[in-house]
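Report on the following structure.
Taken together, the values in this text are just the output of simple stated rules run on the coordinates, not laboratory data. Since this is a predicted model, take the numbers as computed values, not measurements. Glycine gets a Cβ as well: all are built from the backbone with ideal geometry, and neighbour counts include every protein chain shown.
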Amino acid sequence: MTENSRFSRLCPLLWLFCLCFGCVTASNLHRRTPADEDKNIIVKKAISPGYYSQECNAHKQCKDAVKYCHMFLCVDCLKENVACTQNGQCCPSSVCVYGRCKTGASSGQAGAFCDRQSDCKDQDLCCVRESAINPAISICKPALDEHQTCGPYNQYRTLYIGGTVQPACGPCKQGLTCKQVGIFGVHQVCLPEAAPAGKK
């Protein structure tokens, strides 16, 4: 029997051994075992090579209050002044305000995330998109004061949320309106509304 024929007979056996060894290794894949000292370490349970069970999702919250769901895994909450992109990421007693976790803040205040206009506590706060913080989730954004620039680009556009149109809000505070000023360019600022004819 030549050496090549022996090798050709051994190849399928070697391939089968490697396959079985890989399956056993993948099924036991994890960062640490549950018996380790640090119980907070994430343990990945492999369903099959490359596929893992979900620790959490939109319908299954993390059991630990100091963790939040990220990519179907429960990860540690974000601490003070760490960048955040949505509600629920900051540690307890903190709220994501203007893209940073802030202790002592509350939902509905300026800079906090909102789903609709009624989520904002102040009448001069508008639930609008702020792409620099999160282009997909609105924040409670303060309306503009007198003489602040409100155009030509309107950052307080009406949103369609849940199939309904949200009430118009901004860009200027109540009693002010966005008016065109200047001669040589397009520039708009918040100015007092014109009094109706016959009234002062």
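Brief remarks follow.
- When each of Lys63/Lys121; Lys63/Lys141; Lys60/Lys102; Lys79/Lys121 is checked by Cα-Cα distance, pairs over 28 Å: Lys63/Lys121; Lys63/Lys141
- Summed residue charge, Cβ within 13 Å of Ser106's Cβ, Lys/Arg positive, Asp/Glu negative: 0
- Of the peptides 61-68, 108-115, the order by per-residue mean of other Cβ atoms within 10 Å, starting with the highest, comes out as 108-115, 61-68.
- Contact order normalised by residue count of segment 65-149, Cα under 8 Å, 6+ apart, percent: 19
- The order of the peptides 93-99, 83-89, 54-60 by mean Cβ neighbours within 10 Å, most packed first, is 93-99, 83-89, 54-60.
- Environment charge at Cys69 (Cβ cut-off 10 Å; Lys +1, Arg +1, Asp -1, Glu -1): +1
- Of the peptides 137-144, 73-80, the order by per-residue mean of other Cβ atoms within 10 Å, starting with the highest, comes out as 137-144, 73-80.
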